[in-house]
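**Q** Below is one structure. I have some questions about it.
The values are calculated or read from the model by the stated rules, or taken from the named source; none is laboratory data. Since the model is a prediction, treat every value here as computed from it, not as a measurement. Every residue, glycine as well, gets a Cβ built from its backbone with ideal geometry; the counts of neighbours run over all protein chains shown.
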């Protein structure tokens, strides 16, 4: 019998992941606080739930993809009363390891297991199932959830004990945002001294230093000012900025706990508004 799935949190990352589940043969219930976000998954064969608790009721695998640590805590607290013993909660959010370990203690009291199954690759790759899951937790719990995770990704990387998925994701995100800063500043310098964008990109890709993801990031900086400075664009960019600043804040906290100094990461964390092209004020 196919595993049943609850998917909670249908933002830019969660929505494209969730829509692959029902077509892969997994009976799926979805929930998001914004009801309209459930439409795409419903069209793909999922059932819309009226609450997170209803979505999780009886599910074998409960996937959670919400923005921050407190959201994860709130969702887990809501679903535990209806989740069945033996279920697996897979947390896709980028959170501190401490948050994962905290909710795992509460879940264990109801005989429910937890994985930190963080997502890397971004929303565009989630559409094509080209993401990877960075997973912390025991091997046996991962194997119970593996068919569901494999249906929406190209790779599952077992990072080790519970919390290591979150640790690994913060390391990867630190690398990502430092790369964004490098791409942004070199691109801006090239443009400021009169070099054509196409020549800059050709040179950067010729030696492998300018990656496909960096080029995708630079697209926003090539938009005409009337588009880039529009209220909608700036609202979206501020959303990206907020996520980046949170992720870098957590990476720096992790480094502090390890008694490690990250001066470049610290600087980049203060520049994310500029790097994303958010206009001051």
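**Q** Anything in region 85-111 that is farther than 16 Å from residue 145 by Cα and part of a loop (DSSP other than H, G, I, E, B)? List them, or say none.
**A** 93, 94, 95, 96, 109, 110 - these are the residues of region 85-111 that are farther than 16 Å from residue 145 by Cα and part of a loop (DSSP other than H, G, I, E, B).
**Q** A follow-up question, please. Quick check: anything in region 186-195 within 23 Å of residue 274 (Cβ to Cβ), buried (at least 19 other Cβ atoms within 10 Å of the Cβ), assigned by TED's automatic domain parsing to the domain that holds residue 247 and without any contact (Cβ under 8 Å) to a residue 24 or more places away in the chain?
**A** Taking region 186-195 as the starting set, the residues that turn out to be within 23 Å of residue 274 (Cβ to Cβ) are 186-195.
Now narrow it down to the ones that are buried (at least 19 other Cβ atoms within 10 Å of the Cβ): 187.
If we keep only those that are assigned by TED's automatic domain parsing to the domain that holds residue 247 as well, we get 187.
Next cut, without any contact (Cβ under 8 Å) to a residue 24 or more places away in the chain only: none.
No: region 186-195 contains no residue that is within 23 Å of residue 274 (Cβ to Cβ), buried (at least 19 other Cβ atoms within 10 Å of the Cβ), assigned by TED's automatic domain parsing to the domain that holds residue 247 and without any contact (Cβ under 8 Å) to a residue 24 or more places away in the chain.
**Q** With respect to residue 146, determine if the residue is assigned to a helix (DSSP H, G or I), in contact with a strand residue (DSSP E or B) (Cβ under 7 Å, 6 or more places away or on another chain) and assigned by TED's automatic domain parsing to the domain that holds residue 60. Write out each step before concluding.
**A** Values: assigned to a helix (DSSP H, G or I): yes; in contact with a strand residue (DSSP E or B) (Cβ under 7 Å, 6 or more places away or on another chain): yes; assigned by TED's automatic domain parsing to the domain that holds residue 60: yes.
The answer is yes for residue 146.
**Q** Then there is this: Any residue in region 221-236 that is surrounded by 11 or more Cβ atoms within 10 Å (Cβ to Cβ), within 17 Å of the chain's Cα centre (by Cα) and either touching a residue at least 12 places away in the same chain (Cβ under 8 Å) or not assigned by TED's automatic domain parsing to the domain that holds residue 94 (or both)?
**A** Among the residues of region 221-236, at least one is surrounded by 11 or more Cβ atoms within 10 Å (Cβ to Cβ), within 17 Å of the chain's Cα centre (by Cα) and either touching a residue at least 12 places away in the same chain (Cβ under 8 Å) or not assigned by TED's automatic domain parsing to the domain that holds residue 94 (or both), which makes the answer yes.
**Q** Given the options 218, 260, name the one that is part of a helix (DSSP H, G or I) and either over 29 Å from residue 164 (Cβ atoms) or at pLDDT 95 or above (or both).
**A** Details: 260 fails: part of a helix (DSSP H, G or I).
Checking each option against the conditions leaves just 218.
**Q** Okay, moving on. Anything in region 1-24 that is out of contact with any helix residue (DSSP H, G or I) (no Cβ under 9 Å at 6 or more places or on another chain) and at pLDDT 95 or above? List them, or say none.
**A** 4, 23
**Q** Looking for whichever is buried (at least 17 other Cβ atoms within 10 Å of the Cβ) and not in a helix (DSSP H, G or I) here; the options are 78, 63. Which one fits?
**A** None of the others qualify; the one that does is 63.
**Q** How many residues does region 50-60 contain that are farther than 15 Å from residue 3 by Cβ, touching a strand residue (DSSP E or B) at 6+ places or on another chain (Cβ under 8 Å) and part of a helix (DSSP H, G or I)?
**A** Residues meeting the conditions: 2.
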